[in-house]
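> Questions regarding the structure given below will be posed in turn.
The values are calculated or read from the model by the stated rules, or taken from the named source; none is laboratory data. Predicted model only: the values in this text are computed from it and were never measured. Note that each Cβ is placed from the backbone with ideal geometry, even for glycine, and that neighbours are counted across all protein chains shown. Quick note on the areas: whole protein, heavy atoms, side chains included, nothing else; ligands and nucleic acids left out. Shrake-Rupley method; radii C 1.70, N 1.55, O 1.52, S 1.80 Å.
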Amino acid sequence: THSMDFDDTWHPATHPSGAVLPALLAASQMLPPNTKPNGLDFLLAFNVGLEVQGRLMHFSTEAHDIPKRFHPPSVVGTLGSAAATAKLLSLSSAQCGHALGIAASLAGAPMANAATQAKPLHVGNAARLGLEAALLAARGMEANPLILDDIPGCSGFGAFYSVYQPKPLSAPSQHHEFLLEKQDIAFKRFPAHLGMHWVVDAALSVRNLFVNYAGSFSPSLIRTIVLKIPVSKYINRPFPSSEHQARHSFQFNACAALLDGEVGLGSFSESSIQRQELRELLDKVVVEHPEDNVANFDKMYGEVALLLHSGDVLTGKCDTFYGHWRKPLSKESLLKKFRSNASHVLPEEKIEAIITLVDNLEHLSDSSQL
């Protein structure tokens, strides 16, 4: 789910679905025929899995910024997977608490493995270990029921966040509003770290200005490329040398967009990364960190300025890219993305069958059909 960094992103920052969906698919398949959850049960459990992740992150001011220590899906994703599976398995309130406690002991992966082949394991492990935690709780394993509280002198879930202040939540009522109803999820148009989408849209904007200015895109006319981006060390990579590093490089994504007029699947191939003309553009990049450009997916912006040999300056800026929760992808764009990705592994008739199944999920009598 996370291998290409093409999965959805939320705020505070995490990839919410990748940790939950595979666990629910596995649990649906695992249950005996006479106890299969229906589509509505599946949707509710999915929402619970996302809700737990969102609530936990909202308890921490640190979680609102681009992460520095732990990769969020490895932390909140593991608890989200456990919560979703516990809901689908109809565990008791006490068992649900134990499932979250067990999951907390299985959670956590360092950000140092971002931009490596190990990073996708964080999401895969979150799904697997959350499911395992719920199954262990169902079989009677116990854990600290106060794991999510902030208890002085006892590190619980707060061990993952330096600023963690949980608040009591009222029991869901008939009028309960899920976080997912209040804030949409960001769906990426191309497979790279979410921060890249700001600089790509800014780069495409300034590229259009450049083409109107010069008649075509001519790199030789450019003296310097100035990127105005937030401070975030692991995605500030001047000369990426691998696919995963390129997916986590402000510089690479801006220059690829300038050179090609788009960023897509092919942009991260080895031949694309090693192009001489791309390397020459990367040599011209200068990075600036304006104080008002904070490392926060809800507040940051991307700006790309071209300083030309003529002395002219062309600038493109993006504060909300297409696909952001403030500017969500249309249903048509989502289907186009799904069909494109699925076409690599499935025939057309199966792709369309999945779309029909998902569109009618709430009416499905057996969710294991997914």
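> Lys167 - would you say it is closer than 28 Å to Gly108 by Cβ, of a type in the set (D, E, K, R), in a loop (DSSP other than H, G, I, E, B) and open to solvent by less than 40 Å² (accessible area, probe 1.4 Å)?
In short, no.
> Out of region 188-213, which residues are touching a strand residue (DSSP E or B) at 6+ places or on another chain (Cβ under 9 Å) and open to solvent by 40 Å² or more (accessible area, probe 1.4 Å)?
Scanning region 188-213 gives Leu204, Ser205, Arg207, Asn208, Leu209, Tyr213.
> Ala84: modelled with pLDDT of 95 or more and under 22 Å from Trp10 (Cα atoms), yes or no? Working first, answer last.
Numbers: modelled with pLDDT of 95 or more: yes; under 22 Å from Trp10 (Cα atoms): yes.
Taking the combined requirement at face value, the residue satisfies it.
> Can you list residue pairs whose Cβ atoms sit under 6 Å apart, with the first residue in region 226-238 being under 24 Å from Arg207 (Cα atoms) and the second being among the acidic types (Asp, Glu) and open to solvent by less than 60 Å² (accessible area, probe 1.4 Å)? Count only pairs 6 or more apart in sequence or on different chains.
So the pair list comes out as Lys228/Glu303.
> Now for a different question. Can you give me the number of residues within region 1-21 that are of a type outside the set (S, T, N, Q), more than 21 Å from Leu265 (Cα to Cα) and touching a Gly at 6+ places or on another chain (Cβ under 8 Å)?
The initial filter retains those residues of region 1-21 that are of a type outside the set (S, T, N, Q), namely 2, 4-8, 10-13, 15-16, 18-21.
From what's left, more than 21 Å from Leu265 (Cα to Cα): 10-13, 16, 19-21.
Next, from what is left, pick out any that are touching a Gly at 6+ places or on another chain (Cβ under 8 Å): 10, 12, 16, 19-20.
Residues flagged as of a type outside the set (S, T, N, Q), more than 21 Å from Leu265 (Cα to Cα) and touching a Gly at 6+ places or on another chain (Cβ under 8 Å) within region 1-21 amount to 5.
> Which ones in region 303-362 are free of Cβ contacts under 8 Å to residues at least 60 places away in the same chain, closer than 28 Å to Glu291 by Cα and among the aromatic types (Phe, Trp, Tyr)?
none
> For the list (1) more than 16 Å from Arg128 (Cα to Cα); (2) modelled with pLDDT of 95 or more; (3) not basic (Lys, Arg), I need the number of the one condition that Leu89 fails.
(1)
> Report those helices (runs of 4 or more DSSP H) wholly inside region 256-365 carrying at least 2 residues which are over 27 Å from Gln245 (Cβ atoms) and open to solvent by less than 30 Å² (accessible area, probe 1.4 Å). Full working, then the answer.
On the way: elements: 270-273, 276-282, 331-342, 348-359.
Of the helices (runs of 4 or more DSSP H) lying wholly inside region 256-365, those with at least 2 residues that are over 27 Å from Gln245 (Cβ atoms) and open to solvent by less than 30 Å² (accessible area, probe 1.4 Å) span 348-359.
> Also, I was wondering about something else. For the structure I just gave you, tell me whether Leu131 is under 30 Å from Asn236 (Cβ atoms), of a type in the set (A, V, I, L, M), in a helix (DSSP H, G or I) and open to solvent by 10 Å² or more (accessible area, probe 1.4 Å).
Against the criterion (under 30 Å from Asn236 (Cβ atoms), of a type in the set (A, V, I, L, M), in a helix (DSSP H, G or I) and open to solvent by 10 Å² or more (accessible area, probe 1.4 Å)), Leu131 does not qualify.
> Just one of Ala84, Ala143 is within 20 Å of the chain's Cα centre (by Cα), open to solvent by less than 70 Å² (accessible area, probe 1.4 Å) and not assigned by the TED database to the domain that holds Gln245; which is it?
Ala84
> Separate question: Looking at region 183-196, is at least one residue of a type outside the set (Ser, Thr, Tyr), over 23 Å from His71 (Cβ atoms), out of contact with any Cys (no Cβ under 8 Å at 6 or more places or on another chain) and not in a helix (DSSP H, G or I)?
No; the residues of region 183-196 include none that is of a type outside the set (Ser, Thr, Tyr), over 23 Å from His71 (Cβ atoms), out of contact with any Cys (no Cβ under 8 Å at 6 or more places or on another chain) and not in a helix (DSSP H, G or I).
> Answer yes or no as to whether Ala94 is open to solvent by less than 20 Å² (accessible area, probe 1.4 Å), touching a residue at least 40 places away in the same chain (Cβ under 8 Å) and aliphatic (A, V, I, L, M).
no
> Now for a separate question. Could you look through region 1-10, keep only residues that are over 25 Å from Ala134 (Cβ atoms) and surrounded by fewer than 22 Cβ atoms within 10 Å (Cβ to Cβ), and pick out the one that is modelled with the highest pLDDT?
Across region 1-10, the extreme among qualifying residues is Phe6.
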